[in-house]
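S.K.: Shown below is the structure under consideration.
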Amino acid sequence: MKLILSLVIAAVLAGPSIAQDAEAAAVAPAPDSIVIEGSDVDLKQFLWEKRPLVVFADSPNDAQFVRQMELLMNELPALIERDVVILTDTDPSGNSALRDQLHPRGFMLVLIVKDGTIYLRKPLPYDVREISRTIDKLPMRAREIEDRRGLPD
């Protein structure tokens, strides 16, 4: 399963030219740093630290899954800035804890905020710009931005 996910990520990242790849590698962190195979993940480990973005599909070859991963990989810095961790689960027969908690049917994208609340569910691939806007509307995100700017409360 991890091999298939790695191949999907590699295929997504192989699209740009070599010059763009070298430039992106110098700026963006490795995708493995925020993309995690979700079959053995407990959402509690991310409480108050990260915003899990869970991507479900019935197969790593699902066209919607592949498209969603392309969209996410093309905008990793925006997601990293917002403390997002991407969890993937493409094995419905695995009965993972994520599937037990979130009950996906086919492709599904789920955004969970830092307090563990399910904030967004989408049955189709969703653009990173829209995901970012959704996160930026959260009161906790507004506080994070203020803290980073050094503004008083």
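S.K.: Being exposed (fewer than 11 other Cβ atoms within 10 Å of the Cβ) and under 19 Å from the mean Cα position of the chain (by Cα) is the filter here; which residues of the stretch 128-150 pass it? Steps first, please.
M.R.: Here is the first cut: in the stretch 128-150, the residues exposed (fewer than 11 other Cβ atoms within 10 Å of the Cβ) are 133, 137, 139, 147-150.
Across the stretch 128-150, the qualifying residues are R133, K137.
S.K.: So, one more: Could you please find all residues in the stretch 27-63 being modelled with pLDDT of 95 or more and in contact with an Asp or Glu (Cβ under 6 Å, 6 or more places away or on another chain)?
M.R.: K50, R51, F56
S.K.: Of all residues in the stretch 85-100, count the ones that are assigned to a helix (DSSP H, G or I), modelled with pLDDT of 95 or more and among the polar types (S, T, N, Q).
M.R.: 0
S.K.: Then there's this: On the basis of being surrounded by 19 or more Cβ atoms within 10 Å (Cβ to Cβ) and assigned to a loop (DSSP other than H, G, I, E, B), does P125 make the cut? If you could, list the steps in order and put the result at the bottom.
M.R.: On the way: surrounded by 19 or more Cβ atoms within 10 Å (Cβ to Cβ): no; assigned to a loop (DSSP other than H, G, I, E, B): yes.
Judged against the criteria, P125 is not a match.
S.K.: Failed condition for D115, given (1) under 14 Å from the mean Cα position of the chain (by Cα); (2) assigned to a loop (DSSP other than H, G, I, E, B), with all others met?
M.R.: All conditions pass for D115, except number (1).
S.K.: Does I118 count as touching a strand residue (DSSP E or B) at 6+ places or on another chain (Cβ under 6 Å), more than 17 Å from I34 (Cα to Cα) and either among the β-branched types (V, I, T) or in contact (Cβ under 8 Å) with a residue 24 or more places away in the chain (or both)? Break it down stepwise before answering.
M.R.: Details: touching a strand residue (DSSP E or B) at 6+ places or on another chain (Cβ under 6 Å): yes; more than 17 Å from I34 (Cα to Cα): yes; either among the β-branched types (V, I, T) or in contact (Cβ under 8 Å) with a residue 24 or more places away in the chain (or both): yes.
Here the answer is yes, as I118 does meet what is asked.
S.K.: Checking the structure you have, find out if any residue of the stretch 94-101 is surrounded by 20 or more Cβ atoms within 10 Å (Cβ to Cβ), under 28 Å from E146 (Cβ atoms) and touching a helix residue (DSSP H, G or I) at 6+ places or on another chain (Cβ under 9 Å).
M.R.: no
The values are calculated or read from the model by the stated rules, or taken from the named source; none is laboratory data. Note that this is a predicted model, so its numbers are computed, not measured. Don't worry about glycine lacking a Cβ; one is built from the backbone with ideal geometry, like all the others, and counts go over all protein chains shown.
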